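Since the structure comes first, as structure tokens, the remarks are kept for the end.
The values are calculated or read from the model by the stated rules, or taken from the named source; none is laboratory data. Worth saying up front: this structure is predicted, and the values here are computed from it rather than measured. Cβ atoms come from the backbone with ideal geometry, glycine included; neighbour counts cover every protein chain shown. Accessible surface areas use protein heavy atoms only, side chains included; no ligands, DNA or RNA. Shrake-Rupley method; radii C 1.70, N 1.55, O 1.52, S 1.80 Å.
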Amino acid sequence: MSQTREPTKAQPPTLGKIKNNHLPDDIVFNILARLPVKSLVRFRCVSKSRNALIISSYFISTHLINYNNNDHDNKDRGYILDMSCFNYPPPTNRPVISFYCDHGFDKIFQFEVPLNLPSHHATFLVGSCNGLLCLNFCPPRTMINVIYVWNPNIRKLKRLPDPCESQSHLVSLGFGFQSKSIDYKVVKILRCLTSQLEVEVYSSKSDSWRRVGFSFRTNVEFEIHHNYYLPIPFFGGALHWLVDTIPDEENKKNEMILSFDINNETFEELAPPDHCLDGEHPGRCLMLFRGKLAFIRFVSVGEHKFTCIWVIKEYGTHKSWNKPIVVPKKYDGFNGFTKCGLILSHEQFQMSSNGELKMRKKTKYVLIDPETFREKRVHIQNISFVATFMESLALLDGANVITY
């Protein structure tokens, strides 16, 4: 999951005079900044001055702050679960993404990806932040990655410009938000033909890519299996990877947490929890758990399996991780966490259809409380993983944006 950060307010725009408006401008502004996104999109047609207000950067950031501050009242904040476009190959050229609400996983709405994709294209969710989805489309047998930023609530789509380096192998992508300057950034890590790592950063404010130096005391390798194709977690203004260090003279291969600060665009090493890397258990990843960075490890002891969760307590210090939460792992599949910290797991089993001899696979999804171990069956399907989602006006004021 990706974390939402509040933007820094700029100066408010001047409201134009509106006929029959007997309320002061600041009161009108405050009322509008608390309305749902769908209402605001309709109100843009009221007048030119009202439209100019709603599409201003200051109004968009204020609306986002109000939305986050009233999180307990929001019914349109939920999760991306049913993501047919992230299955390979996709079932249709224009797949559908389903969104579910926070409690009960009732389906609340669906969106069709506004692109006609060849059936052989693979599609991945890079991240979800402030109502924006970052999508990566990968034609097979090429080193091309076509990246889009999409706000389905306001029907806005933007294809990012081509990056600086096109002949390098993509290693990883991350999506984050710089709150000080209200700037959405995509971080692209590449391995060039000389096997050196290259880093490129896209900025929504400049609408361009720039190269960032990758200077680090240790040679590292970004292994995809560490995060199981999950979005790279964004927490504390930084993206976080679990990486391998290249074997040293003693042929030792270690692991560490590497963070990339979105604000100053630098890499730093973050100390992992004590003893979390002990043993030969390969199943581990980084995720967000109850809004904080968490180190997840899957452990087998004899015939018993466990999910161990270390949650960060004080960011950036070695002794900053809580004692692990240990949960018995009854189900093989792990899809992630809800915002309140429930584990979403699944298992597949064979069953016959209408008495036929032919068997078909069926998937059972379960929510598990990591503290009480209580389970709740949820009737959902076709889940790749869990990502948070919310309403916002982000991208409404963007340049080179497609409206569909």
field: In segment 18-50, the residues that are open to solvent by 40 Å² or more (accessible area, probe 1.4 Å) and either assigned to a helix (DSSP H, G or I) or within 22 Å of Ser179 (Cβ to Cβ) (or both)
entry: Asp25, Asp26, Ile27, Asn30, Ile31, Arg34, Lys38, Val41, Arg42, Phe43, Lys48
statement: Given (1) at pLDDT below 90; (2) in a strand (DSSP E or B), Trp209 misses just (1)
statement: Of those in segment 326-358 that are among the β-branched types (Val, Ile, Thr) and either surrounded by fewer than 16 Cβ atoms within 10 Å (Cβ to Cβ) or part of a loop (DSSP other than H, G, I, E, B) (or both), the residue modelled with the lowest pLDDT is Thr338
- request: Give the residue, chosen from Gly283, Gly237, that is over 24 Å from Tyr184 (Cβ atoms), at pLDDT 75 or above and surrounded by 16 or more Cβ atoms within 10 Å (Cβ to Cβ).
  value: Gly283
task: Taking Arg377 as the residue in question, decide whether it is modelled with pLDDT under 85 and outside any loop (DSSP other than H, G, I, E, B).
output: no
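Conditions (1) among the aliphatic types (A, V, I, L, M); (2) at pLDDT 90 or above; (3) crowded, with 20+ Cβ neighbours inside 10 Å, marked per residue:
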position	(1), (2), (3)
Cys85	no, no, yes
Asn93	no, no, no
Cys134	no, yes, yes
Gln167	no, no, no
Lys188	no, yes, yes
